[in-house]
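Novice: Dumping the structure here so I can ask a few things about it.
The values are calculated or read from the model by the stated rules, or taken from the named source; none is laboratory data. Keep in mind it's a predicted model, so treat the numbers as computed, not measured. Heads up, the Cβs are rebuilt from the backbone with ideal geometry, glycines too, and the neighbour counts pull from every protein chain shown. Each accessible area value is taken on the protein alone, full model and side chains, heavy atoms only, with ligands, DNA and RNA left out. Shrake-Rupley method; radii C 1.70, N 1.55, O 1.52, S 1.80 Å.
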Amino acid sequence: MNKKLFMRGNEVIAEAAIQAGCRFYAGYPITPQNEIPEYMSWRMEEAGGVFIQAESELAAINMVYGASAAGARAMTSSSSPGISLMQETVSYLCGAELPAVIVNMQRGGPGLGNISGSQSDYFQAVKGGGHGDYKLLVYAPYNLQELWNLTMLAFDKADEYRNPVMILGDGVLGQMMEPFYQMPYIKPALPEKTWALSGCRDREPNVIKSLYMGEGELEFRNSILQEKFRKMKEQEVRFEAVGVEDAKLIVVAFGIAARIALSAVNRLRREGVKIGFFRPITLFPFPANELLSLAGSARRFVTIELNAGQMLEDVRLAVNGKSDVLFYGRTGGMIITPEEIYEDLQRLRVSNSGQ
Amino acid sequence: MATGLTLKELSKKEMLLTAGHRMCAGCGAPIVVKMVLLASEYPLIAANATGCLEVSTCISEYTAWKIPWIHNAFENAAATISGVETMYRSLKKQGKIDKEIKFIAFGGDGGTYDIGLQSLSGAMERGHDMLYVCYDNGAYMNTGIQRSSATPFGADTTTCPAGDVIQGKPQQRKDMTRIMAAHGIPYVAQASPSHWMDLMKKVRKALDIKGPKFMNIISPCNRGWRSRTDDAIMLSKLAVETCYWPLYEIENGVTKVTFKPKEKKPLKDFIKPQGRFKHLFSPENEGMLKTFQEMIDREWEALLKASGAE
């Protein structure tokens, strides 16, 4: 029997990282994720790892770059404005094919915004927030159990693909407390980090870089990266679908919005409404094929997000005109209530069935 | 005609930071800001780095500032005011403005010593006509008391917690005032709200000097210092009297100590009332206390030497 614990979301991430073998954390204070560096500051000491409070997010992500190049399981965390500051090095990490786990507990934006939960960094996370053609593997947990599981998985996938992986949470998930099972970490078989800068006695020196100036060299590097992202699309898609088979209307939502939406969907289903629920767990790769297979003229989709409609674009691309895709969302760190969604969905249902 | 720096005269002046802001009871920062604003004889424009002062004085749709005020990201107060000041100079040159306006940037120690150091250094080197004021409370109080490079040796914070292994912050604080002086700018000063006359004189002097100026002002924070809410001024006074926070200025390279305590008090007088140093008073940390005192002594001796006093 796994240990059942009651913890705060941010601390769940920190503890999961440590149990998954993360021994290097660098971060910088920003609300609403301060519990991560605070927890790491004493817990890393116990675990025999390294905690560094950087002088800025720029420094924090670059420390991760250095630690990762040396072969460590390295992680940083921040919230929206801080993640924006890190983008240059996120691009470098991808260019240099360095694994890293980056946690973004999103808050309201743009600008300084506020410190409430939000999902307005979807584009930044899944479309590549920095320069160049790159992708992050992006996980969107919606409860604390998933925070635990996906944080652990993120380290494995980062090493497997030699690519940064992002945990895209939000202020609500970070601050909330609920029970979860402390599933033990089981390390999968992963290739040795033969590329790491771990000392080159008795071997050829390794080179880690993202600068390629030779004719066609950079294009070749890009083709390797693209191949990697294609493989992610093939193998890493995760989603959850509930009652989609006979649904006339399917709600698509991720992260905390999905959790809120699910309450409303369940209520409608109890009332006999044929409504489905589809939750992408990976935002990149996006479960596009799965959504397409559900699309058709007799079926509508509604995406619910805590932003002005970002994943909406990916849902529309996925269904490719075969279904109508509607949107309900709130911005500026406003949290949708299940009642609000219930009423909205009921209205949609009425217009769908009646006229 | 300049207002005299007397309580009677000053009490007639308009408060440029109004009541109703949301700073904590007993916070040093609004006291510092009020003194700085009150000292000015010129119209002011201020930039504010992200921090307690910024979030608590501009709660959406309200402002506590009676002067034009601009906020930008955490690391950018000095750069932002550089832009404003340069535009002002340009407009002045074009004859579109003739008023004499002064420019101030406010930042906490996080926004000044750490993430904002680059933009501050750049602004000082470019030579903008501005005064940068750091209200130094020695940690990231706004986000929950994490250490900064201004956090003193031995202090307990949420990211250098005192426990079985670590006894608070193991490093020495950064000497920001001297780093700024090393830019060779015309005026650098250290001040404390406990010595309000000294503080306001320095602000007045700074605003009358053309070019970049820097002031570092100690600002007690009862939340982070784990002290009583009514001890802010007492603690800032003890900081000065123990030479933890000497009052001095460096004008065109000449260092002058502006207040020399008659009798230098032991450092523990300043740190004892603060819960963040509580662990330093356990018998096994006696050595740390001694190290801390030696750090302060060394800095004070160096300052006296620089000022030519000894």
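Novice: Could you give P(r) for the stretch A:239-351, binned at 5 Å from zero, as whole percent values over all Cα-Cα pairs?
Specialist: Going from the shortest bin to the longest, the percentages are 2, 13, 26, 27, 21, 9, 2.
Novice: Taking the full set of protein chains and a 1.4 angstrom probe, give the accessible area of A:ARG259 in square angstrom, rounded to the nearest 10.
Specialist: 70
Novice: Mind checking B:109-117 for the average number of partner chain beta-carbons within 10 Å of each residue's beta-carbon?
Specialist: Mean shielding count: 3.
Novice: How much of the pair distance distribution for chain B lies past 32 Å, counting alpha-carbon pairs only, in percent?
Specialist: Tail of the P(r) past 32 Å holds 24 percent of the pairs.
Novice: Return the FRET efficiency for the residue pair A:ILE224, B:ALA182: r is the Cβ-Cβ distance, R0 is 56 Å, and the value is rounded to the nearest 0.05.
Specialist: Between A:ILE224 and B:ALA182 the formula returns 0.75.
Novice: What does the stretch A:3-235 give for Rg and for Dmax, in Å, if only its C-alpha atoms count?
Specialist: Looking at the stretch A:3-235, its Cα Rg and Dmax stand at 17.1, 57 Å.
Novice: Within a 10 angstrom radius of each residue's Cβ in B:154-160, how many Cβ atoms of other chains show up on average? Whole number is fine.
Specialist: Mean partner-chain Cβ count within 10 Å for B:154-160: 4.
Novice: Quick one: how many lysine pairs does the stretch A:3-235 have with C-alpha atoms less than 16 Å apart and a gap of 8 or more or different chains? Give me the count, please.
Specialist: Qualifying lysine pairs in the stretch A:3-235: 13.
Novice: About the Cα centre, and with charges only on the beta carbon of Lys, Arg (+1) and Asp, Glu (-1), how big is the dipole of the stretch A:143-200? Nearest 20 debye, please.
Specialist: Here the stretch A:143-200 has a charge dipole of around 200 debye.
Novice: Shifting gears a bit: State, to one decimal in nm, how far the label point of B:ALA19 lies from the label point of A:ASN289, with both points 7 Å from Cα in the Cβ direction.
Specialist: 6.9
Novice: Could you tell me what % of all Cα pairs in the stretch B:186-310 have separations over 17 Å?
Specialist: 61
Novice: Another one. Just to be sure I understand the interface: list residues from the stretch A:103-117 that lose 20 Å² or more of accessible area between the chain on its own and the complete protein assembly, 1.4 Å probe.
Specialist: Buried on complex formation: A:LEU112.
Novice: If you take the accessible area of B alone, add that of A alone, and subtract the area of the pair, what total do you get in Å², probe 1.4 Å, to the nearest 100?
Specialist: What B and A bury together is about 1300 Å².
Novice: If I take every Cα pair under 8 Å that is 6 or more residues apart in chain B, average their sequence separation and divide by the length, what percent do I get for the relative contact order?
Specialist: This gives 16 percent for chain B.
Novice: How far is helix A:255-270 tilted off the main Cα axis of chain A, in degrees rounded to 10, range 0 to 90?
Specialist: 30
Novice: Can you give the accessible area per residue of the stretch A:3-235, in Å², using a 1.4 Å probe?
Specialist: Heavy-atom SASA per residue in the stretch A:3-235 reads 40 Å².
Novice: Quick one: with all protein chains in place, what share of the accessible area of chain B is carbon or sulfur, to the nearest percent (1.4 Å probe)?
Specialist: In chain B, the share of accessible area belonging to carbon and sulfur is 55 percent.
Novice: Under unit Cβ charges (Lys, Arg +1; Asp, Glu -1), what dipole magnitude, rounded to 20 debye, does the protein assembly as shown have relative to its Cα centre?
Specialist: Rounded to the nearest 20 debye, it is 1120 debye.
Novice: Sort the following peptides by mean Cβ neighbour count (other Cβ atoms within 10 Å, averaged over residues), highest first: B:137-146, B:28-37, A:218-227.
Specialist: Result, highest mean first: B:137-146, B:28-37, A:218-227.
Novice: Follow-up. Leaving out same-chain residues fewer than 8 places away, which aspartates and glutamates sit with a Cα under 15 Å from that of B:LYS213?
Specialist: Within the straight-line limit of under 15 Å, B:LYS213 reaches these aspartates and glutamates: B:GLU85, B:GLU125, B:ASP129, B:GLU249, B:GLU251.
Novice: With point charges of +1 on the Cβ of Lys and Arg and -1 on the Cβ of Asp and Glu, referenced to the Cα centre of the stretch A:3-235, which listed residue (A:ILE52, A:ILE18, A:SER79) lies farthest in the positive direction of the dipole?
Specialist: Toward the positive end, the furthest listed residue is A:ILE18.
Novice: Could you pull out which residues in the stretch A:102-124 have an amide N less than 13 Å from a spot 7 Å beyond the Cα of A:GLU340, following the Cα-Cβ vector?
Specialist: A:117-119
Novice: Sticking with the crude label model, points 7 Å out along Cα→Cβ, report the distance from A:HIS131 to B:VAL254 in nm, one decimal please.
Specialist: Label at A:HIS131, label at B:VAL254, 4.9 nm between them.
Novice: Which pairs break 22 Å Cα to Cα here: B:LYS256/B:LYS278; B:LYS174/B:LYS305; B:LYS13/B:LYS210; B:LYS169/B:LYS278?
Specialist: B:LYS256/B:LYS278; B:LYS13/B:LYS210
Novice: Okay, moving on. Could you give log10 I(q)/I(0) at q = 0.05, 0.06, 0.07, 0.12 Å⁻¹ for the protein assembly as shown, computed by the Debye formula over C-alpha point scatterers of equal weight, without solvent?
Specialist: -0.28, -0.40, -0.54, -1.25
Novice: How would you rank A:242-253, B:109-120, highest first, on the average number of other Cβ atoms within 10 Å across their residues?
Specialist: Taking the mean over residues of other Cβ atoms within 10 Å, the ranking is B:109-120, A:242-253.
Novice: Among B:201-212, A:138-149, A:35-46, how do they line up from the highest to the lowest mean number of other beta-carbon atoms within 10 Å?
Specialist: Most protected by this proxy first, the peptides run A:138-149, A:35-46, B:201-212.
Novice: As a test of the formula, what do you get for the protein assembly as shown when each DSSP H run with n ≥ 4 contributes -39,500 (n - 2.57) and the sum is divided by the residue count, at 222 nm and rounded to the nearest 500 deg cm²/dmol?
Specialist: The helix-only estimate for the protein assembly as shown comes to -11500 deg cm²/dmol at 222 nm.
Novice: What is the average number of partner chain Cβ atoms found within 10 Å of a Cβ in A:47-57?
Specialist: 3
Novice: Just subtract the alpha-carbon distance of A:SER297 and A:LYS248 from 0.36 nm times their residue separation and send over the number in nm, one decimal.
Specialist: Working it through step by step, the gained length comes to 16.7 nm.
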